Amino acid sequence: MARAERGMDAPPEVVFNTATDPDRVDAWLPAPLRRDGGAPARVTDTLGAHWETTGSPTWSARLHVRPTDAGGAEVRLELEADPPDHGLDQLADESLVNLAREVEENLTPG
């Protein structure tokens, strides 16, 4: 399993809604978990979601968004693949960079 964390300068609800927006998910989730290869997000708890593929290879992602004292959000992404993928750590980091870009675009008017 790979885990990546990143702070974002946006309210946690905005980050979560952007991450689970069907029109934006393909821009940040790893390819095997995008809508054409995986299932839509399943909300797991307050500001938490889970994606997983069916069949082989199996991939899953868990996203957790927490508020920070400064009004932003701390985002944690956990990726798993079976068979294990040795590039998961880098992929998790890149996914959060892409999510941050989507959040920024979501906050930009026009």
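The values are calculated or read from the model by the stated rules, or taken from the named source; none is laboratory data. Predicted model only: the values in this text are computed from it and were never measured. All Cβ positions, glycine included, derive from the backbone under ideal geometry; neighbour counts span all protein chains shown. The accessibility values were calculated without ligands, DNA or RNA, using every heavy atom of the protein model including side chains. Shrake-Rupley method; radii C 1.70, N 1.55, O 1.52, S 1.80 Å.
Annotations for the structure displayed:
- Any chance Gly71 is on the phi > 0 side of the Ramachandran plot, touching a residue at least 40 places away in the same chain (Cβ under 8 Å) and not aliphatic (A, V, I, L, M): yes
- Which numbered condition Thr46 misses (of (1) modelled with pLDDT of 90 or more; (2) open to solvent by 60 Å² or more (accessible area, probe 1.4 Å)): (1)
Yes or no, residue by residue, for (1) among the polar types (S, T, N, Q); (2) in contact with a Ser or Thr (Cβ under 6 Å, 6 or more places away or on another chain):
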position: Phe16; (1), (2): no, no
position: Val43; (1), (2): no, no
position: Thr54; (1), (2): yes, no
position: His64; (1), (2): no, no
position: Glu80; (1), (2): no, yes
position: His86; (1), (2): no, no
position: Val97; (1), (2): no, no
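- Exactly one residue among Pro109, Pro84 is at pLDDT below 95 and under 19 Å from Asp21 (Cβ atoms), and that residue is Pro109.
- Candidates Arg66, Arg42, Arg101, Arg76: the one that is basic (Lys, Arg) and under 11 Å from the mean Cα position of the chain (by Cα) is Arg76.
- Within the stretch 54-71, considering residues that are farther than 21 Å from Asp21 by Cα and at pLDDT 90 or above, the one surrounded by the fewest Cβ atoms within 10 Å (Cβ to Cβ): Asp69
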